[in-house]
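Asks: Next up is a structure, given as structure tokens.
The values are calculated or read from the model by the stated rules, or taken from the named source; none is laboratory data. Because the structure is a prediction, the values reported are computed rather than measured. In this analysis, Cβ positions are derived from the backbone assuming ideal geometry, glycine residues included, and neighbour counts consider all displayed protein chains. Just the protein is used for accessible areas: all its heavy atoms, side chains included, with ligands, DNA and RNA removed. Shrake-Rupley method; radii C 1.70, N 1.55, O 1.52, S 1.80 Å.
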Amino acid sequence: MVVTAWTGRIIILCILAAGMLLTGCATNNTGALSKSGSYGNHGERRLISEDGKKVEDRPTTAEEYERLGDMSLQKGDITTAFVHYSKALQLEPKRLSASYKTGRLFLLKGMTDEARGEFGKILKKEPKNTLALEGMGRAYLVDKNNKKAIEYFTKALKVDDGLWETHNLLGIAYDRESKFAQAAEQYEAAIALKPEAGTIYNNLGVSHYMNGDYAKARDAFTTAINKGEASSKTYNNLAITLGKMGEYRMAHEAFVRAGSEATAQNNMGYLYLLDGKNKEAAAAFEKAIELSPVFYGKAHDNLKAAKGALEE
């Protein structure tokens, strides 16, 4: 990341399970879809090969088509998975598990209206179905309708307060509404349920940063890195926070870990510029240009700004 403008929104939020896979998710949000046990209840009567292509008998039931859909999804073949789930629903329109999975595929493709349609079918039959409630919240979150997202995530948590991903998503929705204290509460609840998830600590750090509590933000970003979330976004978040605290040496080290020395020098220059340290800013921008011609355009503009400030 190269800093060329400062809006305070450089800090990055993370949505866990962003890929929205339906299987292999380490979360207690993915239990049985209904008390009837229809979610994931796949029979073994017809033998399907490992590659999912050859079958002894062609599928004839919704259950078998859904199983084929699951197999296709596990291989990353979303289109084929969608076809199989659609066939399952043609045979059994009220099959809630297939509706949920179809809704998640729609979400994956950004088709939020269609996703809400599938989740709505489930909620008409089971108004307290947490998977469908969270799915509706996710769809509204994608559409940046944060208030509706908060409504549905809250409904899901009233049914089951032990859904760590839902707490995390609710926190993101609150952050987008600038309700940073409420967001932090949700991230803390998610951490209590999933303490090993470093991404949640990154999100907690965002809330503390936006609320002006830089020491807590620094600690949260550091914990995120120690928990395995050692990504460029987390290091950038940490660096920006350290800059706000005047810890320039440590901020520089974090920027380097996020990218390259040239990028770090350009970003440090901007931090200095924001703090009125125009001499240090000019030196950093000059170093960025020296290290990498790629930065000539951006860093040169920044250098002009720094020198202009020095002349005032």
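Asks: What spacing in nm lies between the two simple spin-label points modelled at Met250 and Thr80, each 7 Å away from Cα in the Cβ direction?
Replies: Simple spin-label model gives 5.1 nm for this pair.
Asks: Additional query: Taking the range 126-283 as the region of interest, what is the percent of Cα-Cα pairs per 10 angstrom bin, listed from the shortest bin to the one with the maximum distance?
Replies: For the range 126-283, the binned pair fractions read 12, 34, 29, 17, 7, 1, 0 percent.
Asks: Return the inverse of the average 1/r over all pairs of distinct C-alpha atoms in the range 168-238, which is the Kirkwood hydrodynamic radius, in Å to one decimal. Could the numbers behind the result be given before it?
Replies: Values: mean 1/r = 0.0874 Å⁻¹.
One over the average 1/r among Cα pairs gives 11.4 Å for the range 168-238.
Asks: Which value, in Å² rounded to 10, gives the accessible area of Asp160 with a 1.4 Å probe and all protein chains present?
Replies: Probe radius 1.4 Å; accessible area of Asp160 about 60 Å².
Asks: Can you give me the % of accessible surface on the range 175-302 that is carbon or sulfur? Probe 1.4 Å, all protein chains present, nothing else counted.
Replies: On the way: 2660 of 5640 Å².
Carbon-and-sulfur percentage of accessible area, whole number: 47.
Asks: What list of ³J(HN,Hα) couplings, whole Hz, do you get for the range 125-132 from phi and the Karplus terms 6.51, -1.76, 1.60, once you set θ to phi - 60° and write x for glycine and proline?
Replies: For the range 125-132, the Karplus curve yields 8, 10, x, 9, 6, 5, 4, 5 Hz.
Asks: Over the range 54-107, with every protein chain in place, what whole percent of the accessible area is carbon and sulfur at 1.4 Å, could you tell me? It would help to have the intermediate numbers written out before the result.
Replies: Details: 1280 of 2510 Å².
Taking all protein chains in place, the range 54-107 shows 51 percent carbon and sulfur surface.
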